[in-house]
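Note sheet for the following structure.
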Amino acid sequence: MGVFHETQSEVFQHFLNFKAMVEKEKGVSIKCVRSDEGGEYFSNEFNEYLKEHGIQKKYSCRYSSQQNGVVERKKGTL
C-alpha cells in the first residue's frame, strides 16, 4: 500500500472544511493548530489565514515520539 501525500493547498482546504463543520456543529471556534513542525501543513496562505483569524500554531518537540505520536493520530481527523 502506498503512502498518501496531499498538497499544501489540499491540506488547507481540508482544514477550512473541518473548521466550518466544527463551528456549525459544536458552536465553538478553533483556537490552536498543533503540528510536529514538519512544514507540510503550513503554506504561506495557511499561515496568513491562521494569523487573520487569531488561530495559534503550536509545535510538539521534534523527534519526541511521545508528543509526535499524538500529533500523527490527530492529523488523521483532518
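We did not get these values from a lab; they are worked out from the coordinates using the rules stated. Keep in mind the model is a prediction, meaning the values are calculated, not measured. Methodologically, a virtual Cβ is constructed for each residue, glycine included, from the backbone with ideal geometry; neighbour enumeration extends over all protein chains shown.
Of note:
- Taking amide H positions as modeled 1.01 Å from N, with prolines and chain starts lacking one, the residues under 5 Å from Tyr59 and 5 or more places away or on another chain are Ser35.
- Neighbourhood charge, 14 Å Cβ-Cβ cut-off, centred on Ile55 and excluding it, Lys, Arg +1 and Asp, Glu -1: +2
- Local electrostatic count, Leu16, Cβ distance below 14 Å [Lys/Arg +1, Asp/Glu -1]: -4
- Between the residues Tyr41, Gln8, Ile30, the greatest Cα displacement towards the positive end of the dipole of segment 7-53, with unit charges on the Cβ of Lys, Arg, Asp and Glu, is found for Ile30.
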